[in-house]
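Notes follow once the structure below has been shown.
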Amino acid sequence: MCMSFLNNLNAFEFTTSAFIVGILLCENLNATEQNAIGNWFELLGQVLETNSAQLQVTNNNNTTDINSLKKAINIINDKLNNL
């Protein structure tokens, strides 16, 4: 699925859109329906987060992340040794 519109929204716009959709849904749903839909969206979010986390773990770019962390650790160690 192509979600290129996400690249066109800054963080504030993206967050605001979720807020607006939530408010609009509350207007036409009773408390039980709001609870059910809210839990459904939470589960949807958890599935997306779990899937993306596993993709990050198995992604070939992990070596870049590891190398960046190693460099940061070396810098911290150097700073501590110079204290």
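Laboratory data are not the source of any read-out in this text; all were calculated from the coordinates shown. The structure presented is a predicted model; accordingly, all values stated were derived computationally and were not measured. We place every Cβ from the backbone using ideal geometry, glycine too, and count neighbours over all the protein chains shown.
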Please verify whether K71 is exposed (fewer than 10 other Cβ atoms within 10 Å of the Cβ), part of a helix (DSSP H, G or I) and not small (G, A, S), treating the condition exactly as stated.
no
Please determine whether any residue of segment 53-65 is surrounded by 10 or more Cβ atoms within 10 Å (Cβ to Cβ) and outside any helix (DSSP H, G or I).
yes
Residues to consider are L43, L83, L24; find the one that is outside any loop (DSSP other than H, G, I, E, B) and either under 15 Å from the mean Cα position of the chain (by Cα) or loosely packed, with under 10 Cβ neighbours inside 10 Å (or both).
L43
